[in-house]
Amino acid sequence: MNPGSLSDRLQDLIHAPGVAPLAFVFAFLAGAGHALAPGHGKTLAAAYLAGSRGRIRDAAWLGGSVAAMHTVSVLVIGVAWTFFSLSDLIRMEQLTTWLQIAAGLLVLGTGLWMLRRHLRGSHSHSHSHDHDHGHDHGHGHDHGHGHDHDRGHTRHHQHDGGQRPGLFLLGVSGGLTPSPAAFLVLATGLFLGRAGFALLLVLTFGAGMAVVLFGIGVLAVAGSTLVTRNARTHATLRLATRFTPMLAAGGITAFGAGMIAVAAVHLAALA
Amino acid sequence: MSARTLVTLAVIGVAAGTAVFTPRPAAAHPFGDPQTVVVTPDPRRADVVHVKWRVGGPDDLTVLGVSLGLLPADRVRADGTVDYRYDDPGVVGASPAFTGYLLDRITVTGGGRPCTGAVEPIAALALKGATAGFTCPGPVTSVTVAVRTLTDLHPAYRTMATGPAGQRAVYEGANDTHTWSLTGSGPGLGRSALVQIAAVFGALLLTAVAVVFTVKRRAFTVNRRVSA
């Protein structure tokens, strides 16, 4: 394991007497930097939010669930490793690879669920059209385009809060595998008898991750809203709004399958 | 097409498109255990102490093998990634260069005098690690153990160390020696950790309750003002 520079600073600061405020700044930055590294579900989150035309609140949900799951994951693995001889049962690289397979399954499941929802939506056009008419009128939306009921259908789901399970699952999958830096900080804290301080640093690290993921989510939501707004005037964008949900669902499904495949190959190499 | 539309298309393109491109969770995540040492007194001889060393991630052993000249240098690529292979631990473990490295980097002193180390036969280095027995000049009740393994490769390496009766310590570049009691009891880190973790979660819960309470109270006050 080759620790990164920010995590090095964190581990240095954990020795400092009292609770060093600078350590929290480093923890936050390390978390933000970690969320920017590849493979953290940013693209998934963006695809999901753009594909399902989520709201800002959904982006917050996603960032929050990643941070919460990451903290739980680091805490459980850190305590099990330090006090319950976890490494005698399973090597860390095997455990984290298994966690990646679990995360991949969650992503695949979410992608398939989205695909099914969209496919079902397009199969029952006449029904959903009738249904959405009332809803859309109530909100003063304009009508007259063939694709509008597709949009109305998605919005209807959104008002139900129907996207929350998918968002929650993506968030959980994003935080399931702990980051090496956060794990090392907690393990160091536990070994030095400074568990509380180390846990606070891990929580701050999670907050850094959450803020970055929330920011990316907001960008996706804003982009998606712009497209929807412009779709009335541009034929290309009209086409984009029609296919984005399916494209996003397909992309998430493919990504989940890819995650599982990569982790399985890695696991086979470790065995 | 306006500039705004182009930006919009680009955002959506990145959002939806990159999801399909190569997933790289494995490159971002897999990590091994931290480097560890376990210090244990010999149950039959009061002058002997055993130190078991275990490497961190599988790539660390390959990097060490390369630095000792036991493995080809091209295993560590220019971008810092390591091409580690399943037979690397066997090559490293079988070499006297490695046992020499271990005895050079892990030293024990008892009663102010150095103890003589010998590495026990190594089997499955990556999984079980390597153990060195240190014989001190006389019976010892406490020993000072210095651990400097791998910090020559990267100063940021840490070693999580455990000793008799639940004692724990962290070795690092600037703090590479620790004195272990071979007879006394440990400081009870487990109980202390439980209390500290519970305190953090308790404080978080209290904060959350206070925030919810304040928000609801404010909403109630605003509602009352509006209705009045």
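Quick look at the values:
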| item | result |
| --- | --- |
| Members of the range B:158-194 found to be modelled with pLDDT of 85 or more and farther than 17 Å from B:VAL39 by Cβ, listed by number | B:LEU194 |
| Segments classed as helices (runs of 4 or more DSSP H), wholly inside the range B:64-131, with at least 2 members that are over 21 Å from the mean Cα position of the chain (by Cα) | B:88-93, B:96-105 |
| Residue in the range A:94-104 that is at pLDDT 85 or above, out of contact with any Gly (no Cβ under 8 Å at 6 or more places or on another chain) and away from chain B (no Cβ under 11 Å) present | yes |
| Top-ranked residue of the range B:152-174 - restricted to ones that are part of a strand (DSSP E or B) and within 9 Å of chain A (Cβ to nearest Cβ), ranked as surrounded by the most Cβ atoms within 10 Å (Cβ to Cβ) | B:MET160 |
| Output for the range B:51-66, where each listed residue is of a type in the set (A, V, I, L, M) and in contact (Cβ under 8 Å) with a residue 40 or more places away in the chain | B:VAL51, B:VAL55, B:LEU61, B:VAL63, B:LEU64 |
| The range B:67-92, subset crowded, with 21+ Cβ neighbours inside 10 Å and away from chain A (no Cβ under 13 Å), residue farthest from B:LYS128 (Cα to Cα) | B:LEU71 |
| Given (1) in a helix (DSSP H, G or I); (2) at pLDDT 80 or above; (3) in contact with a helix residue (DSSP H, G or I) (Cβ under 6 Å, 6 or more places away or on another chain), number of the condition A:PHE191 does not satisfy | (3) |
| Index of the failed condition, B:VAL140 passing every other in (1) at pLDDT 85 or above; (2) in contact with a helix residue (DSSP H, G or I) (Cβ under 8 Å, 6 or more places away or on another chain); (3) not in a helix (DSSP H, G or I) | (2) |
| Index of the failed condition, B:ASP60 passing every other in (1) of a type in the set (D, E, K, R); (2) away from chain A (no Cβ under 14 Å); (3) buried (at least 21 other Cβ atoms within 10 Å of the Cβ) | (2) |
| Residue check, B:THR149 more than 9 Å from chain A (Cβ to nearest Cβ), over 21 Å from A:TRP81 (Cβ atoms) and either in contact with a helix residue (DSSP H, G or I) (Cβ under 7 Å, 6 or more places away or on another chain) or of a type in the set (S, T, N, Q) (or both) | no |
| Some residue of the range A:122-129 being modelled with pLDDT of 50 or more and in a helix (DSSP H, G or I) | yes |
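The values are calculated or read from the model by the stated rules, or taken from the named source; none is laboratory data. Just so it is clear, the structure is predicted and the values come from calculations on it, not from any experiment. Cβ sites come from the backbone with ideal geometry, for glycine too, and all protein chains shown count toward neighbours.
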